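Computed from the coordinates by the stated procedures, all read-outs in this text should not be read as laboratory data. Computed from a prediction, not measured in an experiment: that's the story for all the values here. Neighbour counts run over all protein chains shown; Cβ positions are idealised from the backbone, glycine included.
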Amino acid sequence: MTASLSRTAAVYVFAVIVLGAAVLTHSVWHLLSHPFDARWLILAGLTVSTGWVMLRIPSMEISFSISDTFNIAAAVLFGPAAGAITAALDGLVLSFWFASSRRTAYRVLFNIAAPAIATWTAAQVFFALAGGRPLLGGPWDVVRLVGLLALFGAVNYGVNTGLVAMAVGLERRLSIVGVWRSHFLGLWVTHLGGVLAAVPLLMLQRIQSSISAVEIFILIIPLPIILYTTFRHALGRVQDQVGHLGQVNRVYVAVIEALAQAVDAKDQVTHDHIRRVQTESVRLARALGVTDEDQLQAIKAASLLHDVGKLSVPEHILNKPGRLTPSEFEVMKRHAPAGADILSVVGFPYPVVPIVRHHHENWDGTGYPDGLTGEAIPIGARILSVVDCFDALTSHRPYRPRLEDRDALKIILERRGSMYDPRVVDAFVEMHEAFASDVAASASTVPATPSGTASSPQPPADRELLDLQTFYQLGRTLAGTLSTEHVAESLWCHLRTRIPASTFVLYGYDQRRDALVAVHAVGDGAIDLREARIAVGERLSGWVAATRQPIMNSDARLDLESSARDLSELRSALAVPVEADGRLIAVLSFYAREVNAFADTHHRLAQAAAHATASSGMISFVAAQT
């Protein structure tokens, strides 16, 4: 079959293909051994031709054709054999709409077999109940016909979508019922439309004996044109609505980003902290079996905005280095309901507000603001509280250094059953251990440093997550007194294949002017950044210099002069400070053309480069040239 299928899925798909081949073989034999109405060829031709004219919603992965109308009419007018062959032709045409990477032999054969089986089965049920002449039987012909067609459509829809949903579920190891509900439940409208559109064709059978094939063609040919024009007009209106919704969604995202960055700036945390919390919260939600899309979207938004209420907290309390007094803690506790009140006026289409309000509730009821317990706390809030706590513990803060992962996990486990949902903690620990195992496996493949080489700088505390080979090579290359150009070129030479940046700038810190100066710039967009001067605290790199905190995936154009921003193709920035003996020496800034180009691995490599740079002998050269 194919290596991409599991054994169970391969056996199932093979069985469906064999059954479909048997149905089609029997249908061809039946048509060849019995006289058949040549007018069936008209419907078969219309099925194939309209199958090529696929209607699509450009901004959505939705497409359909009007070939079902003629497919159904062929089965009901000319029997199960004719219907099965027509459905198989329709499936063959549909397969050519797949991307070439998806158009494998087993997919094409399955898409021929499944509709043939479904149509043949539905037609057998139809004729078993209707008899040989379903339109001739009394004054209630039309009502009887619609009822029989509805039954035909239900069987055809159920068998066809059921066969496909089972294949998808087995291939991806998902719940078959869940797959059917998510992807096929809404398709009943399309099947119903095809059934109802077939009624006018079937009514022509009332005058079957006095009409020729040419006259049938003349009567039928306007129908696909009318249907296609009507559907296309309707799709145009739908596309307008989709475009409007997309614009509204972009506004929502912009509002979320603006609020999140405002909170970041006041709370002295970096934006990559918020992004990490968002990513890990969604991963943990999926690991816990959360599949509702609204709930997942709510968790994504709440991860960015859960601390928006801190805008109302005085900065001397928010960033106090020591323990808060009882009265200060009472002020701090107001940020949860305040954030919920701020976001309640936005009108999110998913439940963001409850997560924001309750992300400081404790499993045992000792949290705030409402003292909720257990399952009464929204699942999104329970997930967010664990992920946010872990990331905060393992991140540097102005008032304390970061903790090792193992120490942070120990704290999380100590709070299991009191502050945090035990099930959430267990899933988080399992997810973290699985990630750590993957990292360890990757690190074991890095070649060992050859013996007899110069000693390398010690990697930072989270060295197991770094590319060790690159780090050691940088340490050896930068050891000793080097020119600034040599340092910058060495950094770029070692990192350009590891970090997806198109441009790199080494900013030296000019202490006299309290500003960063671009002492070396290299890459595609370097011309806009050469000789740049950025005051500490301004733009992106200046913020990194002021806070001594890195940034990742912020808009790179914010580091440019305002006159150059509209013309620049740079979209993502990764910047890290270089410090020695507690003093700021430089900032390493990487820029990429793609949005969100950098990942945590690139962040750690950049920090390793900063550590190696600070440990080298180039510090005096940077100072001299600024």
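Comparing Cα centroids, segment 6-30 and segment 508-570 end up 63 angstrom apart. Counting every pair of alpha carbons in segment 323-393, the share spaced more than 20 Å apart comes to 32 percent. Applying a DSSP loop filter and a limit of 13 other Cβ atoms within 10 Å to the trypsin sites (Lys or Arg not before Pro) in segment 306-342 leaves 323. If you take the alpha carbon atoms of segment 503-562 and fit the smallest convex hull around them, that volume is 78 Å³ per residue. Sorting the segments 148-159, 352-363 by their residues' average number of neighbouring beta-carbon atoms within 10 angstrom, most packed first, yields 352-363, 148-159. Counting neighbouring beta carbons within 10 Å and listing from fewest to most, the residues 613, 503 come out as 503, 613. For the peptides 511-518, 324-331, 553-560, 335-342, the ranking by mean Cβ contacts within 10 Å, running from highest to lowest, is 553-560, 335-342, 511-518, 324-331. Here 598, 590, 428, 348 are placed in order of increasing Cβ neighbour count within 10 Å, fewest first, which gives 348, 598, 428, 590.
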